[in-house]
1. How many residues, within the stretch 227-267, are more than 13 Å from LEU207 (Cβ to Cβ), over 20 Å from the mean Cα position of the chain (by Cα) and among the charged types (D, E, K, R)?
2. From the list TYR73, TYR96, TYR44, pick out the single residue that is touching a Ser or Thr at 6+ places or on another chain (Cβ under 7 Å) and within 30 Å of THR263 (Cβ to Cβ).
3. Look through ALA199, ALA228, ALA224 and report the one residue that is within 22 Å of ALA172 (Cβ to Cβ), touching a strand residue (DSSP E or B) at 6+ places or on another chain (Cβ under 9 Å), of a type in the set (Gly, Ala, Ser) and without any contact (Cβ under 8 Å) to a residue 60 or more places away in the chain.
4. Under 6 Å between Cβ atoms, which residue pairs at least 6 apart in sequence (or on different chains) link something in the stretch 37-60 that is over 20 Å from GLY95 (Cα atoms) with a partner that is surrounded by 14 or more Cβ atoms within 10 Å (Cβ to Cβ) and among the polar types (S, T, N, Q)?
5. Which residue pairs have Cβ atoms under 6 Å apart, sit 6 or more places apart or on different chains, and have a first residue in the stretch 149-169 that is under 16 Å from VAL126 (Cβ atoms) and a second that is polar (S, T, N, Q) and not in a loop (DSSP other than H, G, I, E, B)?
6. Quick one: in the stretch 220-236, which of the residues that are assigned to a loop (DSSP other than H, G, I, E, B) and of a type in the set (Gly, Ala, Ser) is surrounded by the fewest Cβ atoms within 10 Å (Cβ to Cβ)?
7. Out of (1) surrounded by fewer than 21 Cβ atoms within 10 Å (Cβ to Cβ); (2) closer than 19 Å to PRO29 by Cα; (3) aliphatic (A, V, I, L, M), the odd one out for VAL122 is which?
8. When the residues of the stretch 237-267 are filtered to those that are hydroxyl-bearing (Ser, Thr, Tyr) and surrounded by fewer than 16 Cβ atoms within 10 Å (Cβ to Cβ), which remaining residue is farthest from TRP142 (Cα to Cα)?
Amino acid sequence: MRLILIALASVAALVAIVRTLEPRFTFFPTAGESTTPESVGIRYEPVTITTRDGERLRAWLMPHERAKAQVLYFHGNGGNLSVWLPILAGIHRQGYAVAAIDYRGYGTSSGKPSERGLYRDVDAAVEWMASVRAPGIPLVFWGRSLGTTMAAYASTKTRPAGLILESGFPNARAVIRTSQLLLALSVFSSYRLPTTDYARRAGCPVLVMHGDADRVVPFAAGRALYDALSEPKRFEVIRGGDHNDAIAPDPQSYWAAISDFITQLPR
């Protein structure tokens, strides 16, 4: 009985430690707002949206006069909107209206990030998008890395015309398979990040993109995400693309794949 009690106490301690530390291993926010779309010559509207649990999130709305689609973008687990500005500006320059949020605890958004908290942020973003989206053009949810889970989750709340999942993964365990210790400890984690489960429910065409030189989220994880989805779907290999510079090796092919996907979406 004593050994059983010791074992149970040890497990309880491990659970407490892992769940205390898991946000620190998952989220890497940068505070503040150092640059904005205006600083790179793009007209935008700074917005504050409020979540149902009272957090105030920073959002950017970047309209486009001749938008080919309305993109709601969910960034990765590091930085903030200012850090992600080059990518957001790049999307806008390709002819798309762009909207994006900083999750709680990122940039100038209030609160502290957690998996459950980020889903609440996405709920608020989807509701906001319904009120400001450009009419008559496809709505596209686009997520990158951690943002793929958020974009896939968003698609279960409002069905977009298309879903783009870039540098993503099927679930949290798929990202940490290279570390046996972390994989073992993940049993005690509350974080699941079930991208596949959400994306299966999207009910729309899905474009999965992944760099074959990704050193953060293995290429195999992106392929596994794609393989688990139902048609209609498309897998685009970014040749030479790493996690943080997927566009760099071949920008023309990168943007062509996105344009081809969005052009074929229903309006």
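The values are calculated or read from the model by the stated rules, or taken from the named source; none is laboratory data. Nothing here was measured: the structure is a model prediction, and the numbers come from that model. All Cβ positions, glycine included, derive from the backbone under ideal geometry; neighbour counts span all protein chains shown.
1. Of the residues in that region, 3 qualify.
2. Answer to the selection: TYR44.
3. ALA199
4. Short answer, once both residue conditions are applied: GLU55/SER110; ARG56/SER110; LEU57/SER109; ARG58/THR108; ARG58/SER109.
5. Listed by first residue and then by second, the contacts come to THR149/THR195; ALA152/THR195; LEU163/SER155.
6. In this case the residue turns out to be SER230.
7. Every condition holds for VAL122 apart from (1).
8. Result: SER253.
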